[in-house]
Each structure stands twice: as C-alpha cells, then as structure tokens.
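What follows is a short report on a single structure.
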Amino acid sequence: MGDLVVVGVDGSSTALTAVEAAAAAAARRGAALRVVHAEVPIKPRLVVPDPAVRTLVLEAAARALQVAPEVGVTPAVVMGDVVHVLEAESQAANLIVVGSRGKGGITGLLLGSTPVSLAARGHCPVMTVSEKHRASHAAGPVVLGVDGSQDSDEAVDVAFAEAAQRQAELVAVHAWQLDKASLGTAPESVEHLPAQALAGHTDTYPDVAVRRDLVGGTASEVLLEASKAAQLLVVGARGRGGLAGRLLGSVSQAVMTRAHCPVVTVRRTT
C-alpha cells in the first residue's frame with residue numbers, strides 16, 4: 001500500500017466531515033489525498049458525469065485544503081457503483097474514509113450502506129466518520145478493541161501507528177462477560193489476552209504509552225462506552241465469535257454506527 005488516503009464524497013454534510021478527517025489523516029501520515037465521487041450512470045451506456053458532480057468534488061477538495069494546506073489533493077469522479085469504486089480505490093490506499101450516513105441519511109442510499117460493505121470487502125483499513133465526531137476528544141486516547149481474533153491482531157498494528165501519529169495514549173480494551181466469572185473478577189483465562197496481543201509492538205513504538213483495560217460487559221457496550229472519551233476507536237472487522245461466512249462482525253457494525261468518535265475497522269487481507 002502506498003502513502004495515500006482516499007475519501008468518498010456524495011455531497012452530504014457527513015461526507016464533508018469525512019473529508020476533514022481524511023485531510024487530517026493524510027497530513028499526519030505525510031500522504032496524498034484522493035477525493036472520490038462514484039457516479040452511477042443513469043443508463044448503462046451513459047458514462048459522462050453530470051457537470052454538477054465535478055463541482056461537488058472540487059468543493060470537497062477545497063475543504064480538504066482548508067484543513068491541511070500542505071497535503072496534495074486530487075479530485076476524481078469515477079463511474080460505477082459506490083462500493084465497487086471505493087473497493088477498487090482501497091487497493092492503492094493505506095486508509096479509506098467514508099461518512100457513516102450518505103446523502104439524505106437513508107440506509108442503503110449512496111454512502112448510507114457503504115461503510116459496512118466496504119469494511120467487509122476493502123483492501124485497507126476503513127475509517128467511518130459522522131457529523132457528531134467533530135466534537136470528539138482531540139486529546140483523548142486511541143482505543144483498541146482486543147479479542148484475540150485474527151482481525152483484532154491485525155488491528156493492533158493500525159492502532160499503534162495511529163497512536164504514534166497522534167502522539168496519543170493507546171488503551172487496549174478487552175470485554176469479558178459478567179456471567180462467566182464470579183465475584184466481579186475477570187477470569188484468569190482472559191487476563192493475559194491484552195498483553196499477548198500487544199507483545200512486541202511496544203518495542204516498535206517505544207514512545208506510545210499503553211494501558212490495558214479488562215472491562216465486564218458485552219464487547220459492543222464496553223467499546224461504545226470507551227469511545228466517549230476517545231479520539232479514535234480501532235476494531236477488527238470480525239471477532240472470535242463471528243459466524244462462518246459472515247464478512248463483518250456484529251460488534252464492528254455496532255461501533256461503526258453508534259460510536260462517539262471516528263472508528264477504524266481493520267480486516268485481515270492476507
């Protein structure tokens with residue numbers, strides 16, 4: 001993957017919030033930013049974009065430059081279905097950013113269903129942003145959901161890199177079920193899981209302060225609560241309890257739509 005951040009835009013206010021987050025992410029990485037709008041042809045043979053769409057993308061690119069003037073920004077209009085277009089774009093990117101809801105805010109319309117589909121099929125981490133995230137805690141920690149799954153292990157690398165770029169504390173959170181332990185004490189079988197997941201990464205990122213939290217409760221509840229004070233939440237696309245054949249786990253879907261801060265979803269692609 002190259003030094004490239006891609007952001008999908010559709011003319012909604014949520015997409016502009018995503019543009020701002022993507023520009024900041026590109027600046028932290030020293031990466032280029034590609035602002036992409038997917039235009040679905042009205043007729044199969046009509047592949048000429050609406051001139052108004054070009055204006056939409058240029059306005060989004062201008063917003064990105066307001067946030068990060070030093071970033072090289074490329075606007076692009078690509079013909080095709082939005083998920084397929086952004087999935088293809090993700091092959092050359094090291095991060096792709098989308099709004100949590102699309103134009104009109106109706107699930108399934110434009111970007112409305114894109115985060116879940118893209119997180120399940122993309123070739124790089126996917127950041128999901130909503131308008132309420134403008135008020136997220138810029139000085140808060142990066143929270144990492146840990147459960148021992150392959151996708152969770154992949155998310156550890158991303159979380160450490162994000163914490164280093166943001167000069168933020170990394171909080172590794174593992175949720176355990178209250179009814180599986182006695183007297184409110186975490187079972188011994190899970191006490192070492194966060195440490196095992198982080199092993200070796202602290203040497204690679206010696207300047208990142210790390211805290212490990214074992215919290216009683218369901219994973220989605222615990223992570224949503226942790227997101228209230230976080231500047232970013234990082235999770236694997238599928239956890240250990242994921243159903244066979246299911247491309248995206250229920251926990252990742254829950255936090256993508258309900259978290260109080262931007263969410264980066266990481267899928268194991270190798």
Sorted by chain and number, the residues with a modelled amide H under 5 Å from that of Gly80, at a separation of 5 or more or across chains, are Glu39, Val40
Within the under-12-Å Cβ sphere about Ala26, not counting Ala26, Lys/Arg +1 and Asp/Glu -1 give a net charge of 0
Evaluated over segment 54-100, the Cα radius of gyration and Dmax, each in Å:
11.7, 31
Protection proxy ranking, peptides 16-23, 206-213, 88-95, average beta carbon neighbours within 10 Å, highest first:
16-23, 88-95, 206-213
Counting sequence-distant residues (5 or more places) and residues on other chains, those with an amide H built under 5 Å from that of Val9 are Val36, His37, Ala38
Can you work out ³J(HN,Hα) from phi for every residue in segment 74-82, in order, using Karplus 6.51 cos²θ - 1.76 cosθ + 1.60 and θ = phi - 60°, giving whole Hz and x for Gly and Pro?
10, x, 8, 10, 10, 7, x, 5, 4
List the residues, sorted by chain then number, that are 5 or more residues from Leu144 or on another chain and whose placed amide H is less than 5 Å from its amide H.
Val171, Ala172, Val173, Val234
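A short reminder: the numbers here are calculations on the coordinates, not readings from a lab. None of the values given here were measured: they were computed from a predicted structure. Every residue, glycine as well, gets a Cβ built from its backbone with ideal geometry; the counts of neighbours run over all protein chains shown.
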